[in-house]
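In what follows, a structure is listed as structure tokens, so that the remarks can point back to it.
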Amino acid sequence: MIDSKKIQIAREEVGIKPALLPFFMKRAAILLTVILLVVFFIIPIAKLIYLSMQSGAGLTLTHYMEMLKQDRLWKTLKDTFVIVTGSSLLSIILGVLSAWFIAYTDLKHKKLLHMAILLSFILPSYVLTLSWSSFMGTQGIVANLLHFFNPDAKPWSMYSYGGIIFVMGIHHFPLVYLLTVDVLKKIPRDLEWATRASGAGRWKTFYLVTLPLSLPGLTAGGLLVFLASLDNFGIPAFLGIPKNISVLSTLIYEEIIGFGPSAFARAAALSVMLGIIAVIGTLLQWLSVKKIKAVDTVIIDNSPRHLLGKHRSWITTAIWAFLALITVVPLSSMVAISLKKAYGLPFKSIHLTFANYHYILLENPKVWQSIKNSFMLSATTLVVCLVLGSLIAYVRVRKPSWITKTTELAVALPYTLPGIVFALSMIFAWMEPVPGWNPGVYGSIRILFIAYVCRFLILQVRASITAFMQIDASMEEAAHIFGAGFWRKWTSILLPLLLPGLLSGAFLVFLTAFTELTVSALLWSTGSQTIGVTIFSFEQAGNTLYSTALSSLIVILIVLGMVILHLFEKFQSKKGVQQP
């Protein structure tokens, strides 16, 4: 048995007071946290800003002035504005309409509709892009239908401004839906009834009550879509680069791969410009979300407010048809092309083969290597983010202070910046962290691992915070009172309750890392290519059959992952664990 008195005497002999031990441990933990935050989250951004102003004559704004004199930059800014604004407006219209139907009407199968609405965002943007370019291409379903009426007719080209806006809009509209649907449900129905009773019609009630009260959700969703469109690299890279249509993210990529004497400095200047726009947008979005949280005490009203009556069936069918048209039908067209023996052949049984899948899985070692890299990176990122993110979230919820708040803000910084900007900052940070010392991180798969953890850690932190907030601190206190130790408290009480929320965040981290393209496009090197980079390389080289085959496999894996997560949540529900 341990004699506490002896331990006490021993501590006094070496001059350490018992109260000082936790004091020093706490200070050491804070110091370690600050060092890690500075090294992994602050220094990369600071180096990016510094190098954007560095020249032979010292710190200067020369690179900015040179970039601003280029006609190409102004054309890119104009294209970025047109594409981001257009796609955001389309997302807002689709997101608000879908949120209104789900929140206000008595549509059938709302839970399934909710999942179907999210599908277009769950799919990686480059997979959705490939499916739509296949669907509307000269070998796609639309072209075959048009040829029945006119052999010379051509479908709308997705390699255009309109094509980029359309694909980006349908990819991001679930973000507006998610931030609007609960806001609509929280609008007091009594207020709307009172307005109607005062003689106002449906449209006037919508204009006077529903619209003003839903504006915080609409604004937050709109700004989030604006930022997501600004950050998006996959869609403009696949559809814009072949037609010389550039946005800021693809222009930075083209500057770096074009090399040249000051390529990195010019790219850094562009990145700072893009980063400033993103940070301003994030601040505005944060203020909007804060307004939504101010009314979080209002109970969500899930009862329908408008009965569709005899129109219920056909409206439900029309919404299902629309959702199938923007996701399932283009994906089917992509799968159909991946099964052809050669691009250009008609879709007939004699022209179908699994040779493309056989090639990418068994004959091309680079593809298999990219699958292994993506899986390993995603799995290790998941584990690290799950542990670190849950730890940060626990301290943030149970011991809130300016330190924990600052930690959360610092961790959120890499995700706030566009992916291409963050990737460039990682290059500057790890190419030569200390002048004259190259640890060999840049140019290896380790830089991808560090970048993934830094960028996606906030996803786990936010999911874990939500999970911890659902468990009252009194449960831990009760466990202590009844004699439960540290491990017993976590294994028997907290973890079973937290697991669904923590695993939902972990699944999001895994899925995002597994299909990542933007950061990987700049940081990959020989032997460390990922799935997204491999599909992008196939498409750039004109190997559409292989890119569509690999994309089809990604879709199958995503669906399998969602089914497993759904079954797990269902199993937890049967055990009485409430989902976050």
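The values are calculated or read from the model by the stated rules, or taken from the named source; none is laboratory data. This structure is a prediction, so every number in the text was calculated from the model and none was measured. Methodologically, a virtual Cβ is constructed for each residue, glycine included, from the backbone with ideal geometry; neighbour enumeration extends over all protein chains shown. Calculation scope for accessible area: heavy atoms of the full protein, side chains included, ligands and nucleic acids excluded. Shrake-Rupley method; radii C 1.70, N 1.55, O 1.52, S 1.80 Å.
Couple of notes before you dig in:
- If the condition is being assigned to a loop (DSSP other than H, G, I, E, B), in contact with a helix residue (DSSP H, G or I) (Cβ under 8 Å, 6 or more places away or on another chain) and either under 20 Å from PHE41 (Cα atoms) or not β-branched (Val, Ile, Thr) (or both), then the range 441-486 contributes VAL441, TYR442, GLN470, ALA484.
- Tallying residues that are outside any helix (DSSP H, G or I) and within 12 Å of VAL367 (Cα to Cα) within the range 527-554 yields 4.
- With respect to (1) at pLDDT below 85; (2) part of a helix (DSSP H, G or I); (3) not charged (D, E, K, R), the lone exception for GLY199 is condition (2).
- Search result, residues across the range 117-176 that are over 21 Å from ASN244 (Cα atoms), among the small types (Gly, Ala, Ser) and in contact with a Ser or Thr (Cβ under 6 Å, 6 or more places away or on another chain): SER120, GLY140
- Pairs with Cβ under 8 Å, 6+ apart, first in the range 454-474 and in contact (Cβ under 8 Å) with a residue 24 or more places away in the chain, second open to solvent by 60 Å² or more (accessible area, probe 1.4 Å) and not in a helix (DSSP H, G or I): ALA463/PRO580; THR466/PRO580; ALA467/PRO580; GLN470/GLN578; GLN470/PRO580
One line per residue, one yes/no per condition, for (1) within 27 Å of ASP79 (Cβ to Cβ); (2) surrounded by fewer than 15 Cβ atoms within 10 Å (Cβ to Cβ); (3) in contact with a strand residue (DSSP E or B) (Cβ under 7 Å, 6 or more places away or on another chain):
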site: GLY140; (1), (2), (3): yes, no, no
site: LYS154; (1), (2), (3): yes, yes, no
site: MET158; (1), (2), (3): yes, no, no
site: HIS172; (1), (2), (3): yes, no, no
site: VAL181; (1), (2), (3): no, no, no
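- Within the range 482-508, being aliphatic (A, V, I, L, M) and surrounded by 14 or more Cβ atoms within 10 Å (Cβ to Cβ) holds for ALA484, ILE493, LEU494, LEU497, LEU498, LEU499, LEU502, LEU503, ALA506, LEU508.
Yes/no per residue for (1) part of a loop (DSSP other than H, G, I, E, B); (2) among the hydrophobic types (A, V, I, L, M, F, W, C); (3) modelled with pLDDT of 85 or more:
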residue	(1), (2), (3)
THR138	yes, no, no
VAL142	no, yes, yes
PHE148	no, yes, no
ALA153	yes, yes, no
GLY163	no, no, yes
VAL167	no, yes, yes
THR195	no, no, no
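- Verdict on LEU36 being part of a helix (DSSP H, G or I) and within 23 Å of GLY169 (Cβ to Cβ): no
- Long-range neighbours under 9 Å by Cβ, at least six apart or interchain, first residue in contact (Cβ under 8 Å) with a residue 60 or more places away in the chain and assigned to a helix (DSSP H, G or I) within the range 85-110, second among the acidic types (Asp, Glu) and open to solvent by 40 Å² or more (accessible area, probe 1.4 Å): ALA99/ASP182; ALA103/ASP182
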